[in-house]
Structures are given as structure tokens and as C-alpha cells.
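Here the structure is laid out as C-alpha cells; the discussion comes afterwards.
The values are calculated or read from the model by the stated rules, or taken from the named source; none is laboratory data. Quick caveat, the model's predicted, so the values are computed rather than measured. Because the Cβ atoms are built from the backbone with ideal geometry, glycine has one as well, and the counts that use them run over all protein chains shown. Heavy atoms of the whole protein, side chains included, go into the accessibility calculation; ligands, DNA and RNA do not. Shrake-Rupley method; radii C 1.70, N 1.55, O 1.52, S 1.80 Å.
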Amino acid sequence: MENKEFVFILTHSYDAIERSAGALQLAANMAAIDAKIDFFLMNEGVHLARKGFAETMSWQKSFSPVATLITSLVDDFDCKFYVCASCVKPYGIEGAELIKNAEVKSGLYLGELLMKRQGLTF
């Protein structure tokens, strides 16, 4: 496959832990085989960018813990976590401390990413 650049669009966190963990696990596996992976967080997914939040997501049946996956994706693979600017205020993360490699970006930025990369939505 020629294009090995992906943007994972995550729309869930505590409300669908297995979905979030599965997406993060797939992303880590893909990054381990040299795919460029970044994330765009929307709706409930924006909570994953809040520092310390992933550590509260402890109930899982499968996959590695969400906090461990995020740490690995950031520290080992330098993945970025873009937070939907339109979701910041409605989802209560305005002014919150964010994880390393997280920043607020507009939906236009997501559009720009999708023009260059393959998108996967979870």
C-alpha cells in the first residue's frame, strides 16, 4: 500500500471504552509498522485529550489500557491528538490541561487532513 498516512477520528471515550481502546490498539499496531498516525477527537472523544482522563477509563474487557495506549502513541510514535474546536466548550474541556501532543484544531483542519490521508472513524 502506497499511502501509509491515516487520521483516526475518535468520537467516543468513557461512553464506549472498548471502541476507543480498539481504535487506539489498531493505531498503535499500524504505527509499529511505520504508518503515520494522528487523531482527530470529536464529541465524547475529546475527553481523551484531557490530561489524566484516560487513567480513569479502567474498565475494559480487552485490548491494552487506554492510558497505556495513548502514552505509547505519543511517546513512541509521536502521534498528534487534534481536538475539535467546536467541541471544546460543549464538552467541558475549555481551559483544561491537555495531554502531550494535543492541540485544538478546527473542522477545516480535519478536512485538510482527509484530503491527504485515509480516514478511519470510531
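Express as a percent, rounded to the nearest 5, the fraction of DSSP beta bridges in region 1-100 (both residues included) that run antiparallel.
Expressed as a percentage, antiparallel bridges in region 1-100 total about 10.
Can you show me the helix-derived [θ] at 222 nm for the chain, built from DSSP H runs with n ≥ 4 at -39,500 (n - 2.57) apiece and divided by the number of residues, rounded to the nearest 500.
-9500 deg cm²/dmol
Is there a quick way to get the dipole size of the chain? I mean about its Cα centre, with the Cβ of Lys and Arg at +1 and of Asp and Glu at -1; what is the value in debye to the nearest 20?
On the way: 12 positive and 15 negative charges, 31 e Å.
Dipole about the Cα centre, nearest 20: 160 debye.
When Lys and Arg each count +1 and Asp and Glu each count -1, what net charge do the other residues less than 14 Å away from ARG19, Cβ to Cβ, add up to?
Its environment carries a net charge of -2.
Grab every C-alpha pair in the chain, bin the distances at 5 angstrom width from 0 up to the longest one, and report whole percents.
Taking every Cα pair in the chain, the percentages come to 2, 12, 24, 26, 21, 11, 3, 1, 0.
At a 1.4 Å probe radius, carbon and sulfur cover how many percent of the accessible area of the chain? Let's see the in-between values first.
Details: 3400 of 6400 Å².
Percent of accessible area from carbon and sulfur atoms in the chain: 53.
Taking the Cβ of ALA102 as the centre, find all other residues whose Cβ is under 12 Å away and add up their charges (Lys, Arg: +1; Asp, Glu: -1).
That works out to +2.
Assuming 0.692 mPa s and 37 °C, estimate D for region 1-48 with Stokes-Einstein, Rh taken as the Kirkwood radius over Cα pairs, in µm²/s.
297 µm²/s
Would you list, by chain and number, the lysines whose Cα falls below 22 Å from the Cα of LYS116, excluding same-chain residues fewer than 8 positions away?
Cross-link targets: LYS4, LYS36, LYS80, LYS105.
Eigenvalues of the Cα gyration tensor times 5, then square-rooted: what semi-axes does that give for region 17-82, in whole angstrom, largest first?
17, 14, 10
Among the GluC sites (Glu not before Pro) in region 75-120, which ones are in a DSSP loop with at most 13 other Cβ atoms within 10 Å of the Cβ? Mind listing them?
Hits after loop and neighbour filter: GLU94, GLU97.
Let me make sure I get this right: for region 79-122, a, b and c are the square roots of the gyration tensor eigenvalues over alpha carbons, sorted descending. Under 1.5 in a/c it's rounded, otherwise prolate if a/b > b/c, else oblate. Which is it?
Prolate is the answer for region 79-122, as a/c is 1.5 or above and a/b outweighs b/c.
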